[in-house]
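> One structure follows; several queries about it will come next.
The values are calculated or read from the model by the stated rules, or taken from the named source; none is laboratory data. Keep in mind the model is a prediction, meaning the values are calculated, not measured. Cβ placement follows ideal geometry from the backbone for every residue including glycine, while neighbour counts extend to all protein chains displayed. Heavy atoms of the whole protein, side chains included, go into the accessibility calculation; ligands, DNA and RNA do not. Shrake-Rupley method; radii C 1.70, N 1.55, O 1.52, S 1.80 Å.
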Amino acid sequence: MRTTAAAVSSAAFFLVAPGTFAGLGPWLITGWEIPESSPPVRVVLGAVFVVAGLIPPAHAFVEFVRAGGTPMPVAPTQWLVVSGFNRFVRNPMYLGLLVAILGQALLFDSLWLVLYAAVGWVVTASFVRWYEEPTLVRTYDEQYEEYRRHVPAWTPRLTPWHPD
């Protein structure tokens, strides 16, 4: 896939998928209204988590474009992307979005967003386990198997993994 087409497709997909999960969903639940009684520390901490959570998915999308594809299953890369945050955890996009949602839970003082994040993780982890991982094994075979042996799915490594 050409870099321009990959970039445009990835940007559109980013707005639709992560935008809906980490943006529209929380907005529908909270209206993005910060309670007046929220302590400033909670507001700042929540904002930090939101920003920090958005960095891995944004960076991963860039890495997919550089690899000549997209994170969408219908337009994958020719080779397995194991750079950037993917060297620490296999699911940096999903994990980052969950952190951003939990940051919004702090920011907007919403236990409903904590529940939303928990349900979102169960759905996402199920999708990864029963669709994404088998697809990656079929597509990238031993390359993905080696990656999976060295990089955890949900708990980041302390040091980056470097493929041989």
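For every residue, the table says whether it meets (1) modelled with pLDDT of 95 or more; (2) more than 17 Å from residue 21 (Cα to Cα).
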{"residue": "75", "(1), (2)": "no, yes"}
{"residue": "85", "(1), (2)": "yes, yes"}
{"residue": "101", "(1), (2)": "yes, no"}
{"residue": "112", "(1), (2)": "yes, no"}
{"residue": "125", "(1), (2)": "yes, no"}
{"residue": "129", "(1), (2)": "yes, yes"}
{"residue": "136", "(1), (2)": "no, yes"}
{"residue": "154", "(1), (2)": "yes, yes"}
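> Let me ask something else about it. Specify the residue that is nearest to residue 98 (Cα to Cα); the eligible residues are those in the stretch 123-135 that are open to solvent by less than 80 Å² (accessible area, probe 1.4 Å) and within 17 Å of the chain's Cα centre (by Cα).
My answer is 124.
> Would you be able to tell me the number of residues in the stretch 108-159 that are in a helix (DSSP H, G or I) and among the polar types (S, T, N, Q)?
Qualifying residue count for the region: 5.
> Can you run down the residue pairs with Cβ atoms below 7 Å, 6 or more apart or on separate chains, where the first is in the stretch 43-64 and more than 24 Å from residue 12 (Cα to Cα) and the partner is surrounded by 14 or more Cβ atoms within 10 Å (Cβ to Cβ) and at pLDDT below 95?
Pairs that qualify, where the first residue is more than 24 Å from residue 12 (Cα to Cα) and the partner is surrounded by 14 or more Cβ atoms within 10 Å (Cβ to Cβ) and at pLDDT below 95: there are none.
> Give the residue that is farthest from the chain's Cα centre (by Cα), with candidates limited to residues of the stretch 2-33 that are in a loop (DSSP other than H, G, I, E, B) and modelled with pLDDT of 95 or more.
33
> Further question on the same structure: What's the number of the condition residue 146 fails, among (1) within 30 Å of residue 41 (Cβ to Cβ); (2) open to solvent by 30 Å² or more (accessible area, probe 1.4 Å)?
Of everything listed in (1) within 30 Å of residue 41 (Cβ to Cβ); (2) open to solvent by 30 Å² or more (accessible area, probe 1.4 Å), residue 146 misses just condition (1).
> Let me ask another. Residues to consider are 65, 16, 43; find the one that is among the β-branched types (Val, Ile, Thr) and either touching a strand residue (DSSP E or B) at 6+ places or on another chain (Cβ under 7 Å) or surrounded by 19 or more Cβ atoms within 10 Å (Cβ to Cβ) (or both).
Selected residue: 65, the only one of 65, 16, 43 that is among the β-branched types (Val, Ile, Thr) and either touching a strand residue (DSSP E or B) at 6+ places or on another chain (Cβ under 7 Å) or surrounded by 19 or more Cβ atoms within 10 Å (Cβ to Cβ) (or both).
> Could I ask something else about it? Pairs needed: first member in the stretch 19-35, closer than 15 Å to residue 46 by Cβ; second member anywhere, outside any helix (DSSP H, G or I) and open to solvent by 70 Å² or more (accessible area, probe 1.4 Å); C-beta distance under 7 Å; at least 6 residues apart or different chains.
So the pair list comes out as 35/109.
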